[in-house]
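J.: My questions all concern the structure below.
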Amino acid sequence: MRRVAWLTLAALVIAAAPRTPDGYRMAVPSYRFEFPRDHASHPAFRTEWWYYTGRLEGRGRRFGYELTFFRVGVNPGRRVSPSAWAPHTVLFAHIALGDEQRRRFRHHETASRPALGMAGADSSRYRVWIHDWSAELAADGRTHRLRARVPELELDLELVPLKPEVVHGDSGISRKSAGLGHASHYYSLTRLETRGTLVLREGAIPVRGTSWMDHEFSSDAMSPTQVGWDWFSLQLDDGRELMLYRLRLRDGGVEPASSGTWIERDGAARHLAREAFDVRATDRWTSPHSGAVYPAGWEVRVPSLGLVLTLEPTMADQELVTGGGAGIVYWEGRVRIAGRDARGAVRGSGFVELTGYAGPPLGL
């Protein structure tokens, strides 16, 4: 009976939640995450993504990889249409692989709508797919399974979390600017043991490594005053992690709502407000593909932790220039970490995402 009452109350809360003018639910405080339920899709929100990045090693070679699925609601008035072809949702996905020994970065994209089983994002269990690309939770309720296949690149990985989910922000929301709804619901699995197979032109390579998973959903997160963001997911070799994002403003400043999260070895998380950290670019790189000028090295400081980190890209060119699926250009790449904290030297690996330097950001 108590479960029935709780579900009834939850349904009433969802029904009463603030909504955008076109009917999508806003991300507002006091959202209660529940796992594995919240790994699945949230179609009441306009925009959602599942984001995997990581480092892989196999046969003496090192790789950085990205596999990302995006769901975007469009024309919400058509969501109840009986037609399988009604354009109520678009799904697109990106895969990228940096081959660090051979200095080669490749990326591909795909897109579809959830018609006739060609693509979809299940809201009852975690499974998102576009044709033969997919991310899902295995039957054990713990293992994440990733698959994608394009010419001369196939990825098949199993990822097992070594830490519990970390919810970012405060009171269930990750704020992006002032005002109702300018926020997202955002959590990460900050350390996943990873193993599987890469199939390249030269053959199959068994790989192992460590990954990071982000899942974020919202309806109206970014402000018109913002042009993009710099996002950092950093894994230290001693088992701690740091996530930071800096939302850049049109006037050259940084959005006060920018924030981060520090995660201890045992998974305990600490919210970092904008004033709690500092990020300074140490170099620049000009893309030969888009002409965009990106930061290409960083110094990160968190004074309360005595933490000073230097981040260096493993490859300069890790830019994704997408076309038919989304028409978005951004830099997403692996970085090496060196530095110190109050106890001594630290090292690690991470990923940095840079949007808005060559056009519109990804959408949240």
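J.: Just checking, which of R195, R142, R127, R208 is on the phi < 0 side of the Ramachandran plot, modelled with pLDDT of 95 or more and under 17 Å from the mean Cα position of the chain (by Cα)?
T.: From the options R195, R142, R127, R208, the qualifying one is R127.
J.: For the stretch 1-50, what are the residues that are at pLDDT below 90 and not aliphatic (A, V, I, L, M)?
T.: Those that are at pLDDT below 90 and not aliphatic (A, V, I, L, M): R2, R3, W6, T8, P18, R19, T20, P21, D22, G23, S30.
J.: Now for a separate question. Would you tally the residues in the stretch 137-149 being touching a residue at least 12 places away in the same chain (Cβ under 8 Å) and either under 21 Å from R270 (Cα atoms) or open to solvent by 20 Å² or more (accessible area, probe 1.4 Å) (or both)? Write out each step before concluding.
T.: The initial filter retains those residues of the stretch 137-149 that are touching a residue at least 12 places away in the same chain (Cβ under 8 Å), namely 137-138, 141-149.
Checking which are either under 21 Å from R270 (Cα atoms) or open to solvent by 20 Å² or more (accessible area, probe 1.4 Å) (or both) leaves us with 137-138, 141-142, 145, 147, 149.
Final tally of qualifying residues: 7.
J.: Could you please tell me which pairs satisfy a Cβ distance under 8 Å, a separation of 6+ or placement on different chains, a first residue in the stretch 254-277 that is closer than 26 Å to G356 by Cβ, and a second residue that is in a strand (DSSP E or B) and of a type in the set (D, E)?
T.: Within 8 Å, the pairs are W262/E241; H271/D170.
J.: Enumerate the strands (runs of 3 or more DSSP E) found wholly within the stretch 239-329, keeping only those where 1 or more residues are buried (at least 16 other Cβ atoms within 10 Å of the Cβ) and small (G, A, S).
T.: 259-263, 269-273
J.: Additional query: Among the residues of the stretch 203-218, write down those that are without any contact (Cβ under 8 Å) to a residue 24 or more places away in the chain and either aliphatic (A, V, I, L, M) or touching an Asp or Glu at 6+ places or on another chain (Cβ under 9 Å) (or both).
T.: A204
J.: Of the conditions (1) at pLDDT below 95; (2) open to solvent by 60 Å² or more (accessible area, probe 1.4 Å); (3) closer than 30 Å to A17 by Cα; (4) not hydroxyl-bearing (S, T, Y), E152 clears all except one; give me its number.
T.: The number of the failed condition is (3).
J.: Something else now. Among the residues of the stretch 155-192, count how many are farther than 21 Å from T143 by Cβ, at pLDDT 95 or above and outside any strand (DSSP E or B).
T.: The number of residues fulfilling the criteria is 2.
J.: Could you please tell me which pairs satisfy a Cβ distance under 7 Å, a separation of 6+ or placement on different chains, a first residue in the stretch 299-316 that is at positive phi, and a second residue that is part of a strand (DSSP E or B)?
T.: Once the first residue is at positive phi and sits in the stretch 299-316, its partners that are part of a strand (DSSP E or B) give G306/D341.
J.: Another question, if that's okay. Any chance the stretch 160-177 includes a residue that's over 27 Å from G348 (Cα atoms), without any contact (Cβ under 8 Å) to a residue 24 or more places away in the chain and either in contact with a Lys or Arg (Cβ under 7 Å, 6 or more places away or on another chain) or surrounded by fewer than 22 Cβ atoms within 10 Å (Cβ to Cβ) (or both)?
T.: Checked against the condition, which is being over 27 Å from G348 (Cα atoms), without any contact (Cβ under 8 Å) to a residue 24 or more places away in the chain and either in contact with a Lys or Arg (Cβ under 7 Å, 6 or more places away or on another chain) or surrounded by fewer than 22 Cβ atoms within 10 Å (Cβ to Cβ) (or both), the stretch 160-177 yields no hits at all.
The values are calculated or read from the model by the stated rules, or taken from the named source; none is laboratory data. Owing to the predicted nature of the structure, the values given are computational and were not obtained by experimental measurement. A quick note on method: Cβ atoms are made from the backbone with ideal geometry, for glycine too, and the neighbour counts reach across all protein chains shown. All accessible areas refer to the heavy atoms of the entire protein, side chains included, with ligands and DNA or RNA removed. Shrake-Rupley method; radii C 1.70, N 1.55, O 1.52, S 1.80 Å.
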